[in-house]
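Readers should treat all values here as calculations from the given coordinates under stated rules, not as data from a laboratory. As the structure is a prediction and not an experimental result, all values here were calculated from the model. Counting neighbours? That spans all protein chains shown, and the Cβs are built from the backbone with ideal geometry, glycine included.
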Amino acid sequence: MQVKDKDDKKSNDEFYRKHGETPLPLPGNPERDITMTTPPRLNSGELFMAVEKPSRYTGGEVNAIRKENGACRLHFALAFPDTYEVGMSHLGLQILYAVLNGLPEVACERCYAPWPDMERELRQRRLPLCSLESQRPLAAFDIVGFSLQYELSYTNVLMMLELGEIPLRREERDEGHPLIIAGGPCAFNPAPLSTFIDAFVIGEGEEAIAEIASAVLTVSARGGKRRDLLEALSGIEGVYVPAIHTGVERIRKRIITNLDGWRLPLCPVVPLMKTIHDRVTLEIARGCTRGCRFCQAGMVWRPVRERTPAVLEEMAEAMLRATGHDEISLLSLSSGDYSLIEPLLTTLIDRYYARRVALALPSLRVETLTPKLIEGIRRVRKTSFTLAPEAGTQRLRNVINKGNTEEELLETTGRVFAAGWRAVKLYFMLGLPGEREEDLEGIVDLAYKTLRTAKNQGQVTVSLSTFVPKPHTPFQWQRQIDIEETAARQGFFRQRLKSRNINVKWHDARMSLLEGVISRGGEETGALIEMAFHLGCRFDGWSDRFRFDLWEEALHRTGSDIGTSLRERSPAEAFPWDGIDCGVSREFLLSEAEKAQKGEPTPDCRAGSCNQCGACDHRTVRTIIAPADAPVGTVISSFAGPDGNELREKAFRLRFTKLGQARFLSHLELSAALSRAMILGGLSFIYSQGFHPHPKISFAGATSVGMESKGEFADIRIQEPAEDIGPLVARINAALPSGVAITAMRELPANAFSLAELVMGFDYNLVLSEDVGEAELVRIETGISRFLDAESFGVVREVKGKPIIKEIRPHVTGLALDRPSRRILLSARFGPKGTVRPAEILTGVTGFSAEASLRIGVVKTATRLADFAEATDREIFSGT
């Protein structure tokens, strides 16, 4: 591949022109060719209306970066092999996105795995998988970088490559194809994907990714070929290139030695839809030296490096101001181990209490959950508590080096329940090395003891997963139990945990089996993954998409032996990942494996002497703990908001648009975007009471996904603004997604009618596509005439998953075809008995099929009011 100096404004057109005359392989069928005669149009309403959750694909989020200048010579796609809502919750991708877009000559965009419905549509329409920012096809990028977080996402990597019209195997790519790189925790064993990936980044990627971009730019500027690019990447510390590194050399992981020198993205992209973790993620530390012997993350991300409180406070302030989120997650492998966690938590809660910003600590050890931490979290919002004893007896906890005790667990859960929580989750693993029947009994006993700390009034969820031996851990030599053994254990708990207050969940044993096969697999495992992909495996980590029958067929066709994959390994046996140096020595892992057999614990080195694991050089790479005298509470916040008791409550009515790509937002997504933007604009909401307080905002009905509107309405209750409305509205609009804009905002008198009382109906334009001919226009007119003459007219509507006949004739006050403008004009009533949906007019009255109706644009043009509406009401509803 050779990177050329490209003009961004022309690059897409050049790509389309090239492929307009070039046969392209039909994804999924290498023996059949097609010729694309028209440019791909991924932004078409018809495509997005054919899939669920179209906001996964539209882009246009707040803080998304789109570079459109000719200075960018390198186009980089960050690809996440899972859905948008999962990928947007991943901090690592946001960090790399900010790093790459901070380079003047680099334009970085994002791409997520399309859900099966979108994959189907892309294949049927012969469209390539594209990025969110510019709808640029993956094949038109210079580098595509995958984040490898989970082994069961590997078939999605292949799916994205194929949909992106990129050859799966690296040996099949030529100068015209992008470089395919990958990183993340799964890259510490690159062997299973080495057939498909050109280069792997081992370790932390902030510095390495910038060096990769620089190397590609340099080599390309002098006319280098694809082999030259690979050789250049192989010279970067922490980069493993399968085509180059074929000898005995070891690849040492990359590490950021001082986190304070690397700021998190201060303006992270704000998702349009609800994601798995819809919040500001504040990484307080990296690494963990607790030494749990099953935990890969605790080994490969050593040593511990903490950010100082002052840096964290500055970043929290900036990210809240840039996103409008109402929750901060204090992220690390063990949040409670952060040396200054109590003063930091207290400072953040005190500062943002008036804004109802919650604090979440997603990874807590039992012994670190102090009364002060519990009280701090309770003050703002009761986020869930999840604790991980991992094993049911102290003996087995010593084997795995899990340092907490049963007494600490029960003391902690007692505090949690006493503080007002009614539910606690406990995580355990099945099949741990040295597990005995008494350890299973111990889980049962611990579950009931935990319930008793709630005085039998709470709910305890016991979550059981199967132990999977991971590379670079003391247990990498251990055997993994098979499906039958796991099922027997699950049956034991099904019989023993029958209390209505104890909920038992377990991870699918078949998924754990495949995770084990892949995680310790070699290069030959790539053939299994490729076969499973071609058989139809996708989203294998999703229980509703997982097809074990197809994986069994893939195992059979490739001759893969599960027993060999799950077996115990000899200490002398070579591993596929032996060429990867994670920092922790093989000698240390073996010594820890021996101590596990004896049930001997290893202390945490951060609080004592060095354990000689090999991760530190004690000069540049070393443990960094925030000093005890580090200043806390030094940031003066302009975002935190005033005390709610100081200002009066006011009600306002808003008029806003929902146009363009914003029409694909659901009502909940639109509501969330408005709420965030208003907070960013400086408004202080009045919140509801209860377990999860919400801003007080109400709407005049909800527009369906795909419908545009020139005037939507909402009432909000806020603290009296300290400035004029004009500047506030300008700031709010600047924080809204493209297509959403407030066009009017008026204060409401105390006796104002509610929106539900005022709104009597809506007017719509149903915009016909150009391919609707004369015969169809006549059919439309005939259908409208028949409808208007009828006293009753029923359509099929699905309610709670069941079809019913819905009477719609009384809800329609006007219906006509305007031939000159090619629009169907609809006036509909709105009331307690509901209203008519424009789609029901298209399919039930005018005869369009459900598929054809997707090509017809729907625009809400007006909202009709009750006769008693005041003049001020009519002004805002008319936009004046």
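Observations on the structure shown:
- The stretch 421-473, Cα convex hull volume normalised per residue, Å³: 85
- Beta bridges from DSSP with both residues in the chain: antiparallel share about 55 percent, rounded to the nearest 5.
- Placed amide H near ASP604: partners under 5 Å, 5+ positions off or other chain: none
- Net charge of neighbours whose Cβ lies under 13 Å from the Cβ of VAL248, counting Lys and Arg as +1 and Asp and Glu as -1: -2
- Convex hull volume per residue in cubic angstrom - Cα atoms of the stretch 649-752: 101
- Entry note, the chain: the mean residue ellipticity at 222 nm calculated from DSSP H runs of n ≥ 4, each adding -39500 (n - 2.57), is -9500 deg cm²/dmol after division by the residues and rounding to the nearest 500.
- Whole-number Å³ per residue for the convex hull built on Cα positions in the chain: 188
- For the stretch 364-442, the relative contact order works out to 42 percent when only alpha carbon pairs closer than 8 Å and six or more residues apart are counted.
- In units of the rule-of-thumb radius 2.2 N^0.38 Å, the stretch 759-878 shows an alpha carbon radius of gyration of 1.12.
- Amide H contacts for ARG252 (H built 1.01 Å from N in the peptide plane; partners 5 or more residues away or on another chain; cut-off under 5 Å): GLY238, ASP581.
- For the stretch 257-320, the set of trypsin sites (Lys or Arg not before Pro) satisfying both a DSSP loop assignment and a count of at most 16 other C-beta atoms within 10 Å is given as ARG263, LYS274.
- Taking amide H as placed 1.01 Å from N in the peptide plane, SER329 has its amide H under 5 Å from the amide H of VAL280, THR281, LEU282, ALA360, each at least 5 places away in sequence or on another chain.
- Around ILE483: net Lys/Arg minus Asp/Glu count, Cβ-Cβ under 13 Å: -4
- In terms of distances greater than 30 angstrom between alpha carbons, the cross-link table entries LYS505/LYS800; LYS67/LYS860; LYS67/LYS274; LYS802/LYS860 yield LYS67/LYS860.
- Computed extension gain for THR861 through THR782, at 0.36 nm per residue and net of the alpha carbon distance, reaches 26.0 nm.
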